[in-house]
Every structure is written in structure tokens, then in C-alpha cells.
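Here's the structure we're looking at; comments come further down.
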Amino acid sequence: MQRHVDYDRNGTETEVQLRYPEQNAEYLAQLRARLRLDEVLAGATTDLETLVRLTGRVHALWEHSGSQQPSKRDPLSIVEEAERGGRFRCVEYAIVLAGALHAVGIPARCVGLMKRRIEKRFIAGAHFAVEAFLKDQKRWAFADPQWNIVPVHEGLPLSGVQVLETLQEGGTPRTCTPETQREIGRFWRCLFLGIDRLSRSRAGHRPPVFASEADRELAWYWPWLRQYLYYFAVRVAQPTYDGDETAQQQTPPPRLLLVPLGAIEPKVSHRRFPFTNYSYTNSIATFYADPD
């Protein structure tokens with residue numbers, strides 16, 4: 001039986017503040033053109049739909065490989081290597097999706113998800129995904145571009161911690177596809193505009209739930225993901241794409257690790273990789289503060 005995991009929900013923000021600095025517009029314009037994002041996003045009307053489409057776009061760029069690494073770590077270089085046949089890991093999917101979101105003006109960050117015994121494991125102790133701040137909903141939303149998954153529950157996108165909460169409460173998130181996103185959008189428009197009261201009352205003020213083909217095919221994903229939803233790590237400052245991101249960095253950038261209440265603060269991952277430049281917090285308010 002899996003342990004119940006919780007974080008500090010009552011405390012205020014701590015001294016560590018996550019930053020989303022101004023980014024290199026020329027670099028992001030090149031990435032936007034390279035990924036043909038204007039075509040991908042044609043007709044998209046919400047930040048959630050944008051996130052769903054970009055997650056699918058990045059997912060399709062290459063076949064996953066758990067062993068290959070790119071020569072450079074910035075999104076544009078990864079895309080260029082993938083076009084030449086490169087196949088990369090979950091972390092590269094996350095880097096490219098975060099860059100694509102930045103290119104269209106949506107604040108985003110790569111999130112390292114780590115198992116409870118991250119210090120003791122030799123392999124497979126971590127997974128990487130993305131969280132995007134949906135400005136039109138003022139919510140953080142989780143996306144896993146390796147598996148092309150954007151979870152929603154009761155019509156709302158979920159952050160990484162909210163995915164954990166949903167699973168701990170016995171729920172199962174839905175896989176948000178362009179089709180389900182449109183259905184959810186129609187429901188909430190009816191709810192807030194007062195349209196179709198009969199359908200709204202029958203729905204119990206909750207959006208209809210459809211078991212899509214994607215939901216059925218990916219039923220295995222939620223128990224697999226849950227084992228990684230313990231420690232959450234993000235960069236303190238998001239990349240600016242000014243050149244310092246285009247090569248492997250010798251000194252890791254500062255990161256913030258969200259630690260469950262009562263858990264240890266790990267100092268190493270997979271027995272051999274030190275947590276250099278890490279700060280620690282239990283605070284949901286700190287970890288999920290709105291971008292400036």
C-alpha cells in the first residue's frame with residue numbers, strides 16, 4: 001500500500017522565490033518557426049488547448065530513447081538533432097515543450113519528479129515533465145510530452161501535486177485531447193453563461209466524463225506515474241536562451257525541491273549524483289506561486 005503524501009498548505013511563501021525572467025525573443029522566434037507553431041496552434045482559443053497541441057507536437061518529434069543524450073541542452077539544438085535522427089530521453093521532451101510554451105508566451109518550467117527512495121535507487125528514480133501556467137485560468141497545468149498526456153479532472157487541468165491528490169483520493173485523471181478539451185470547453189461555457197440549464201443540472205455541475213480511447217490505452221500510466229510523485233524539482237530561474245543554455249552546463253543552475261512533510265531532504269540521487277545548488281521547501285505556496 002502506497003503512503004499518503006502531503007505538503008505544507010498553510011504556510012506562506014518562503015525566502016526562495018521562483019523567477020521567470022525576460023527571454024531571448026530572437027531565439028524563441030526561431031524555435032517557433034522551426035516547430036511551425038503558428039500552424040500547430042491555428043484556431044486554438046485557450047491556453048489549455050495550446051498546451052494540449054504543443055504537447056502532441058513535441059511528443060511526435062522523435063521516438064523515446066532512455067540512453068541517448070543530445071550534444072546541447074537547449075530546445076532548438078535538440079529539435080535540430082532530432083530532425084537528423086536523434087532519439088532522446090524524457091528530460092529532452094520536457095526541455096523542448098517548455099521552450100515551445102515560452103515561444104508562444106506561456107510561462108512554463110521543466111519539473112523533475114522523484115521517487116521516495118531517490119537516494120538509494122541505482123536507476124529509474126526520476127522522470128521529467130512540464131508545468132505550464134495557464135493565464136486564462138490562473139492555474140498550473142501538468143503535461144508529460146514523452147507520453148503525450150495533459151491530465152484533467154472534473155473539467156480542470158491539474159498541476160503535478162494535484163495529479164497526486166486526485167490519485168490519492170481514488171480518482172483517475174482524464175487524458176485531455178483536442179476532442180475532450182473542446183467538450184470540456186463547451187460545458188464550462190454553458191455553466192458560466194447560464195446556457196442549457198437542463199444539461200447542466202443533469203451533469204450535477206460537473207462536466208461529462210467520457211472514457212476516450214486515449215484514456216483506455218493509457219490506463220497503466222497513472223499507477224506508473226504515481227511512484228514518481230513524491231519530490232518535485234524546478235529551476236529557481238527559468239532559462240533566458242541567451243547562449244548559456246546551448247551547451248552542457250558545468251555548474252548546475254539553482255533548483256528548488258518540494259519535499260513532503262516528514263520526509264528527508266535528499267542530498268544525492270541514484271547514489272552518485274549530488275544535489276548541487278538545491279534549496280528545499282515544504283510549501284505549496286512557494287512552489288506554485290504565480291509567475292510575476
Counted residues in the range 138-151 being without any contact (Cβ under 8 Å) to a residue 60 or more places away in the chain and either part of a loop (DSSP other than H, G, I, E, B) or touching a helix residue (DSSP H, G or I) at 6+ places or on another chain (Cβ under 7 Å) (or both) come to 2
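Please enumerate the residues belonging to the range 1-41 that are closer than 30 Å to GLU80 by Cβ and assigned to a loop (DSSP other than H, G, I, E, B).
Restricting attention to the range 1-41, the residues satisfying the condition of being closer than 30 Å to GLU80 by Cβ are 18-41.
Residues satisfying the conditions are LEU18, TYR20, PRO21, GLU22, GLN23, ASN24, LEU35, ARG36, LEU41.
Results for (1) closer than 28 Å to LEU156 by Cβ; (2) of a type in the set (D, E, K, R); (3) in contact (Cβ under 8 Å) with a residue 40 or more places away in the chain; (4) in contact with a strand residue (DSSP E or B) (Cβ under 7 Å, 6 or more places away or on another chain), shown as yes or no for each residue.
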{"residue": "GLU15", "(1), (2), (3), (4)": "no, yes, no, no"}
{"residue": "ALA29", "(1), (2), (3), (4)": "no, no, yes, no"}
{"residue": "LEU37", "(1), (2), (3), (4)": "yes, no, yes, no"}
{"residue": "GLY85", "(1), (2), (3), (4)": "no, no, no, no"}
Within the range 17-27, the count of residues that are surrounded by 19 or more Cβ atoms within 10 Å (Cβ to Cβ) and in contact with a strand residue (DSSP E or B) (Cβ under 9 Å, 6 or more places away or on another chain) comes to 1
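Between ALA108, ALA132, ALA98, ALA94, which is small (Gly, Ala, Ser), in contact with a Ser or Thr (Cβ under 9 Å, 6 or more places away or on another chain) and touching a residue at least 24 places away in the same chain (Cβ under 8 Å)?
Numbers: ALA108 fails: in contact with a Ser or Thr (Cβ under 9 Å, 6 or more places away or on another chain); ALA98 fails: in contact with a Ser or Thr (Cβ under 9 Å, 6 or more places away or on another chain); ALA94 fails: in contact with a Ser or Thr (Cβ under 9 Å, 6 or more places away or on another chain).
None of the other options fit; the residue is ALA132.
Rundown of residues vs (1) farther than 25 Å from LEU41 by Cα; (2) assigned to a helix (DSSP H, G or I); (3) touching an Asp or Glu at 6+ places or on another chain (Cβ under 7 Å), yes/no style:
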{"site": "GLY66", "(1), (2), (3)": "yes, no, no"}
{"site": "LYS72", "(1), (2), (3)": "yes, no, no"}
{"site": "GLU81", "(1), (2), (3)": "no, yes, no"}
{"site": "TYR93", "(1), (2), (3)": "no, yes, no"}
{"site": "ALA100", "(1), (2), (3)": "no, yes, no"}
{"site": "ARG116", "(1), (2), (3)": "yes, no, no"}
{"site": "ASP136", "(1), (2), (3)": "no, no, yes"}
{"site": "LEU164", "(1), (2), (3)": "yes, yes, no"}
How about the range 47-64: which of its residues are out of contact with any Leu (no Cβ under 9 Å at 6 or more places or on another chain) and either surrounded by fewer than 21 Cβ atoms within 10 Å (Cβ to Cβ) or part of a loop (DSSP other than H, G, I, E, B) (or both)? GLY56, ALA60, TRP62, GLU63, HIS64
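With the condition kept exactly as written, say whether any residue in the range 42-50 is farther than 28 Å from ARG139 by Cβ and either at pLDDT 95 or above or among the basic types (Lys, Arg) (or both). Spell out how you get there, then give the answer.
If we filter the range 42-50 for residues that are farther than 28 Å from ARG139 by Cβ, which is where we start, we get none.
No, the conditions are met nowhere in the range 42-50.
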Only unsatisfied item for HIS205, checking (1) out of contact with any Asp or Glu (no Cβ under 7 Å at 6 or more places or on another chain); (2) more than 18 Å from GLU49 (Cβ to Cβ); (3) modelled with pLDDT of 50 or more, is (3)
Sole residue being farther than 27 Å from GLU63 by Cβ and surrounded by fewer than 18 Cβ atoms within 10 Å (Cβ to Cβ), chosen from GLY170, GLY155: GLY170
Among the residues of the range 1-10, is there at least one that is among the basic types (Lys, Arg) and more than 17 Å from PRO107 (Cα to Cα)? yes
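Scan GLU83, GLU131 and give me the residue that is of a type in the set (Asp, Glu), modelled with pLDDT of 95 or more and over 21 Å from LEU256 (Cα atoms). I'd like the intermediate steps shown before the answer.
On the way: GLU131 fails: over 21 Å from LEU256 (Cα atoms).
The match here is GLU83.
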Among (1) within 20 Å of SER269 (Cα to Cα); (2) surrounded by 24 or more Cβ atoms within 10 Å (Cβ to Cβ) - the single one VAL91 does not satisfy: (2)
(1) assigned to a helix (DSSP H, G or I); (2) over 25 Å from LEU229 (Cβ atoms); (3) among the aliphatic types (A, V, I, L, M) all hold for ALA44 apart from (1)
Selection count where residues are surrounded by fewer than 19 Cβ atoms within 10 Å (Cβ to Cβ), touching a residue at least 40 places away in the same chain (Cβ under 8 Å) and not in a loop (DSSP other than H, G, I, E, B), scope the range 258-283: 3
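The values are calculated or read from the model by the stated rules, or taken from the named source; none is laboratory data. Predicted, not measured: the structure shown is a model, and the values here were computed from it. Please note: Cβ atoms are built from the backbone with ideal geometry, for glycine as well, and neighbour counts cover all protein chains shown.
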